[in-house]
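J.: I'd like to ask you about the structure that follows.
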Amino acid sequence: MDATPRPASIDSILVKAGREHGRSAIAVNPPVHRASTYLFETLADFETASKTPFDGPFYGRVGTPTTFAFEQAVCELEGGHRTIATSSGVAAIGAALLAFLDRGDHVLVVDTVYEPVRRFCNRMLARLGIETTFYDPAAGDDIAGLVRPNTRVIYLESPGSGTFEMQDLRAVVAVARERGLRTIMDNTWATPVFLQPIALGIDVSVQSATKYIVGHSDAMLGTVTTTAETYDAVRRSTQDLGACAGSEECNLGLRGLRTLGVRLRRHEASALTLAAWLEDQPQVARVLHPGLPSFPGHALWKRDFSGACGLFSVELLPCEPASLRAMVDGLRHFGIGFSWGGYESLVLPVHPETRQIARWDGKGPVLRLHVGLEAVEDLRDDLAEGLARLRSA
Ligand SMILES: *Cc1c(COP(=O)(O)O)cnc(C)c1O
């Protein structure tokens with residue numbers, strides 16, 4: 001046998017990542033440590049600990065054994081230098097942007113970005129004197145034409161929120177590297193199971209762990225994963241903002257990680273089945289799912305991603321608002337509500353027609369579907385009945 005063991009595959013990492021070491025009997029999943037204050041035997045011990053406050057229990061806002069375990073686990077999956085857990089995905093994104101941006105700077109943000117990030121740029125960053133240009137997700141290496149002398153950061157999200165436009169991540173990274181810009185990517189849709197942004201040369205990968213990592217729609221949690229070069233700036237920013245995650249949430253995040261691989265593959269298979277079925281329905285204008293060969297970004301998805309999650313959208317043919325309501329209100333398995341990534345199916349309208357740069361050319365309403373772990377036949381019947389209501393309303 002070969003002396004060097006084969007590196008563990010992602011499913012094996014998910015089972016063990018973040019587990020405590022060094023004791024004879026340990027809990028399989030790191031338990032919840034509730035703490036704000038940690039007590040030290042002597043002043044000297046306290047002073048020693050304060051030199052490396054991020055490497056062990058020191059003060060609750062900096063981390064507890066539970067938050068450290070969760071961070072370590074996500075970091076292993078993302079293939080980064082260090083991960084910092086935050087109170088939500090939005091907190092992770094805000095801290096990552098503020099880590100590299102200063103008064104007078106300029107940031108490039110993809111126009112198909114998660115909407116609250118657009119608001120963060122237009123409100124918070126604008127107030128701080130930081131200018132944002134929203135760019136077309138199809139820009140690729142043309143993004144070089146938008147770079148100014150004061151540009152510091154390119155912010156990516158691929159696929160885009162709601163409409164799933166794919167970005168040429170490699171082309172954007174090449175431009176950023178050449179111009180000395182930092183890149184931050186929202187990796188919530190793929191999770192590190194299907195994409196590792198840092199391996200593609202992205203500097204910082206952020207996730208809303210609220211979605212697939214927690215996976216059960218019962219906690220808010222975010223992560224920022226950095227390279228060695230970007231860690232200090234991101235750490236300062238998250239600490240200055242006080243955007244720490246709670247131990248309870250990190251324990252739920254760890255618990256979710258254990259089944260992330262199996263859940264994602266089931267979400268993926270069911271979503272692809274429904275997406276392909278929807279393409280053949282007469283009330284459907286198009287299906288927006290990167291895993292479908294008909295989707296414009298399919299080749300980019302295939303090149304860079306190893307899978308697709310359960311979230312995609314469908315554009316219907318133009319119809320009366322009342323017909324759409326009849327369709328959506330009567331769904332039995334798709335709940336109406338924010339977020340996604342839990343075990344249950346969800347539906348919400350999205351409104352890409354408000355975009356200024358990546359202009360939306362659709363005519364009918366767009367529904368975003370999160371395909372949960374219910375039996376796919378039940379979900380298909382539910383949608384079929386919904387489309388029948390749409391037709392007859
Ligand atoms: C939900 C979401 C976020 C924000 O995460 P929260 O945990 O809700 O703050 C960020 N990015 C994407 C793509 C999301 O879907």
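The values are calculated or read from the model by the stated rules, or taken from the named source; none is laboratory data. Quick caveat: nothing in here was measured; it's all calculated off a predicted structure. Heads up, the Cβs are rebuilt from the backbone with ideal geometry, glycines too, and the neighbour counts pull from every protein chain shown.
J.: Do we have GLU76 as under 28 Å from the mean Cα position of the chain (by Cα) and either charged (D, E, K, R) or farther than 18 Å from LEU254 by Cα (or both) here?
T.: Working: under 28 Å from the mean Cα position of the chain (by Cα): yes; either charged (D, E, K, R) or farther than 18 Å from LEU254 by Cα (or both): yes.
Judged against the criteria, GLU76 is a match.
J.: If you go through the range 73-115, how many residues are within 11 Å of the ligand (Cβ to nearest atom), of a type in the set (D, E, K, R) and buried (at least 23 other Cβ atoms within 10 Å of the Cβ)?
T.: Number satisfying all stated conditions: 0.
J.: Right, something else. Could you tell me which residue of the range 116-137 is farthest from the ligand (Cβ to nearest atom), considering only residues that are surrounded by fewer than 18 Cβ atoms within 10 Å (Cβ to Cβ) and assigned to a loop (DSSP other than H, G, I, E, B)? Reasoning before the result, please.
T.: The first filter runs over the range 116-137 and keeps only residues surrounded by fewer than 18 Cβ atoms within 10 Å (Cβ to Cβ), leaving 116, 119, 122-124, 126-129, 131, 133.
Within this subset, residues satisfying the condition of being assigned to a loop (DSSP other than H, G, I, E, B) are 128-129.
Working: LEU128: 20, GLY129: 25 Å.
Among those that are surrounded by fewer than 18 Cβ atoms within 10 Å (Cβ to Cβ) and assigned to a loop (DSSP other than H, G, I, E, B), it is GLY129.
J.: Here are ALA322, ALA299, ALA384, ALA308: which of them is within 30 Å of ASP218 (Cα to Cα) and part of a helix (DSSP H, G or I)?
T.: Numbers: ALA322 fails: within 30 Å of ASP218 (Cα to Cα); ALA299 fails: within 30 Å of ASP218 (Cα to Cα); ALA308 fails: part of a helix (DSSP H, G or I).
Every option except ALA384 fails the conditions.
J.: Looking at the range 168-181, is at least one residue surrounded by 20 or more Cβ atoms within 10 Å (Cβ to Cβ), under 22 Å from SER313 (Cα atoms), within 10 Å of the ligand (Cβ to nearest atom) and modelled with pLDDT of 95 or more? Even if it seems obvious, please write down each step before you answer.
T.: Residues of the range 168-181 surrounded by 20 or more Cβ atoms within 10 Å (Cβ to Cβ): 168-169, 172-173, 175-176, 181.
This time we only want the ones that are under 22 Å from SER313 (Cα atoms), so: 168-169.
This time we only want the ones that are within 10 Å of the ligand (Cβ to nearest atom), so: none.
No, because not a single residue in the range 168-181 is surrounded by 20 or more Cβ atoms within 10 Å (Cβ to Cβ), under 22 Å from SER313 (Cα atoms), within 10 Å of the ligand (Cβ to nearest atom) and modelled with pLDDT of 95 or more.
J.: Now, a different point. Out of the range 330-350, which residues are away from the ligand (no atom under 15 Å from the Cβ) and either assigned to a loop (DSSP other than H, G, I, E, B) or at pLDDT below 95 (or both)?
T.: Residues satisfying the conditions are GLY330, LEU331, ARG332, HIS333, PHE334, TYR343, GLU344, SER345.
J.: Give the range 167-181 a look and list any residue that's farther than 13 Å from PRO197 by Cα and not in a helix (DSSP H, G or I), or say none.
T.: GLY180, LEU181
J.: Need the failing condition index for VAL350 against (1) in contact with a strand residue (DSSP E or B) (Cβ under 7 Å, 6 or more places away or on another chain); (2) within 14 Å of ALA271 (Cα to Cα), just the number.
T.: Looking at each condition in turn, VAL350 falls short on (2).
J.: I'd like to check something: does the range 274-290 contain any residue that is touching a residue at least 40 places away in the same chain (Cβ under 8 Å), in a helix (DSSP H, G or I), among the aliphatic types (A, V, I, L, M) and closer than 24 Å to GLY335 by Cβ?
T.: Yes, the range 274-290 contains a residue that is touching a residue at least 40 places away in the same chain (Cβ under 8 Å), in a helix (DSSP H, G or I), among the aliphatic types (A, V, I, L, M) and closer than 24 Å to GLY335 by Cβ.
J.: Now for a separate question. Would you say THR188 is within 15 Å of the ligand (Cβ to nearest atom), in contact with a helix residue (DSSP H, G or I) (Cβ under 6 Å, 6 or more places away or on another chain), under 23 Å from LEU292 (Cβ atoms) and part of a loop (DSSP other than H, G, I, E, B)? Step through it out loud before you land on a result.
T.: Details: within 15 Å of the ligand (Cβ to nearest atom): yes; in contact with a helix residue (DSSP H, G or I) (Cβ under 6 Å, 6 or more places away or on another chain): no; under 23 Å from LEU292 (Cβ atoms): yes; part of a loop (DSSP other than H, G, I, E, B): yes.
So THR188 does not fit the description; no.
J.: What do you reckon, is ALA271 farther than 28 Å from SER88 by Cβ and either in the same structural domain as VAL366 (by TED's automatic domain parsing) or among the hydrophobic types (A, V, I, L, M, F, W, C) (or both)? It would help to see each step written out before you state the result.
T.: Values: farther than 28 Å from SER88 by Cβ: no; either in the same structural domain as VAL366 (by TED's automatic domain parsing) or among the hydrophobic types (A, V, I, L, M, F, W, C) (or both): yes.
No, not satisfied.
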